[in-house]
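The values are calculated or read from the model by the stated rules, or taken from the named source; none is laboratory data. Keep in mind that this is a model prediction, so the values were computed, not measured. Note that each Cβ is placed from the backbone with ideal geometry, even for glycine, and that neighbours are counted across all protein chains shown. These accessible areas exclude ligands, DNA and RNA; they are computed on the full protein's heavy atoms, side chains included. Shrake-Rupley method; radii C 1.70, N 1.55, O 1.52, S 1.80 Å.
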Amino acid sequence: MIGAERFILIGCLLQGALGRDWAVWMPQRIEALNGSCVLIPCRFDIHPNFDNDLTAEAKGLWRKGDKDGKEVFDSSRTGTAAEQNTIKGTLIGQLLMKNCTTILDGFPSSYNDDYFFRLEGSNGLKFTFPNGVKINAQDSPPKPKLTSERLEVMEGTSVSLSCSAAAPCPKLPPNLTWTPRLNDSVGQLQENVSVSSVLTFTASHLHHGQNITCRALYTLQHGNIQKMSEANLTLRVLYMPQISGSGSCSRTAAEISCSCESRGNPSPSMEWRVSGLRVTNSTDKVVREEQLGNTGLRSSLTMRQSQGDTPTLFCVSTNSLGSTSLQLHLLSPQQHSGFGIASLLIAAAAVAGATIMICLITQLILK
């Protein structure tokens, strides 16, 4: 039976009352879901003089409003007699073990109130404990609690995210799902009053700034109705600069223009090296930069060229975690010129061929 032998009361403030002899322990408040069952963890103690009166025939009752209020549940009513209970349910604890844990089924929000436990046994063992529990059923389930040991992690390290959701109805615990799944391991654990799931994956730069969602899907006891709540977390991943693509360069007879893009966290810086020397802005070399969000940078270099000059070009990107570089390849002026002439010749040949074909087709039609 669920929770009959032990209680894991997460997030509940337990209370005791009535000194050493008569006492009851249960949460002061329970948040439930309208239309679903609710677990009331409960245990008690009685005066030693009544120990012999606590027999297998003992029964537990719950009263609504105050300790002298309306009786809504009697554990001795079973089968068709259980229909006489205002609120259906099951006392899953063993009274002989002084365990009064109870599940009330299909608890409606219209019955939100204080509830008090009454014990009835043989002879004079009849006692209503004056400390009750306030049950508050809401139409919407509470948000899951989503946590991480660290919100800022290094790329390549293992990350574990934990999601915990209240499970006021142990018969129908919520189902926890992750978005995105990240194609790694997921484990789920159910306890008496909560369900938890742990998502473990290896951090990548692709996860930086990604919104990770844990969803809790609850199914009500009646009408096959489902309700959902969710929690979100954004992860910060620290990673070295990464130069995207292969960069690009173009040249004319007078100048060379190149561009390079990089991303990293922390945001990287960029520098250009021409024939091994770092470029600074001057009359014949101009560097321009553009920020790409919080982690990206685009840099462009425009410089004059001398006749026959084919320099070695590198863009270098750096942040506090390291640096990376990319060599950009340039055609020599002769290759670039030759490539242009060849392109013109090919285009001219294509036009001439198309003209000849049109003439031949026209002659055949006229015949």
Can you tell me how many residues within region 222-247 are open to solvent by 30 Å² or more (accessible area, probe 1.4 Å) and either touching an Asp or Glu at 6+ places or on another chain (Cβ under 6 Å) or charged (D, E, K, R) (or both)?
4
When the residues of region 253-312 are narrowed to those that are under 30 Å from GLY156 (Cα atoms) and acidic (Asp, Glu), which ends up most open to solvent (accessible area, probe 1.4 Å)?
GLU289
Taking region 127-162 and keeping only residues that are within 30 Å of LYS59 (Cα to Cα), in a loop (DSSP other than H, G, I, E, B) and open to solvent by less than 30 Å² (accessible area, probe 1.4 Å), one is left with PHE129, GLY132
Within region 163-195, residues touching a Ser or Thr at 6+ places or on another chain (Cβ under 6 Å), in a loop (DSSP other than H, G, I, E, B) and more than 19 Å from PRO27 (Cα to Cα) come out as LEU172, ASP184
Under 9 Å between Cβ atoms, which residue pairs at least 6 apart in sequence (or on different chains) link something in region 228-242 that is on the phi < 0 side of the Ramachandran plot with a partner that is open to solvent by less than 80 Å² (accessible area, probe 1.4 Å) and among the charged types (D, E, K, R)?
MET228/ARG215; SER229/ARG215; GLU230/ARG215; ALA231/ARG215; VAL237/GLU155; LEU238/GLU155; TYR239/GLU155; MET240/GLU155
Check LEU199, LEU217 and return the single one that is touching a residue at least 12 places away in the same chain (Cβ under 8 Å), open to solvent by less than 40 Å² (accessible area, probe 1.4 Å) and under 14 Å from the mean Cα position of the chain (by Cα).
LEU199
For residues that are modelled with pLDDT of 95 or more and part of a loop (DSSP other than H, G, I, E, B), scanning just region 90-120, find the one that is most open to solvent (accessible area, probe 1.4 Å).
GLN94
Looking only at region 253-272, and only at residues there that are of a type in the set (Ser, Thr, Tyr) and in a strand (DSSP E or B), the one that is farthest from GLY296 (Cα to Cα)
SER257
The one condition in (1) open to solvent by 30 Å² or more (accessible area, probe 1.4 Å); (2) outside any strand (DSSP E or B) that ALA82 fails to fulfil
(1)
Residue check for ASP74: out of contact with any Pro (no Cβ under 8 Å at 6 or more places or on another chain), modelled with pLDDT of 95 or more and over 30 Å from ASN52 (Cβ atoms)
no
Mind listing whichever residues of region 168-183 are surrounded by 15 or more Cβ atoms within 10 Å (Cβ to Cβ) and without any contact (Cβ under 8 Å) to a residue 40 or more places away in the chain?
PRO173, TRP178, LEU182
Inter-residue pairs, beta-carbon under 8 Å, first free of Cβ contacts under 8 Å to residues at least 60 places away in the same chain and in region 312-329, second in a loop (DSSP other than H, G, I, E, B), 6+ apart:
THR312/SER275; THR312/GLY276; SER320/PRO266; GLN327/THR312
Could you look through region 196-240, keep only residues that are of a type in the set (Gly, Ala, Ser) and not in a strand (DSSP E or B), and pick out the one that is farthest from THR179 (Cα to Cα)?
GLY223
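Condition first: hydrophobic (A, V, I, L, M, F, W, C) and either within 40 Å of the chain's Cα centre (by Cα) or at positive phi (or both). Now tell me which residues in region 34-71 satisfy that.
Listed by number, the residues that qualify are CYS37, VAL38, LEU39, ILE40, CYS42, PHE44, TRP62.
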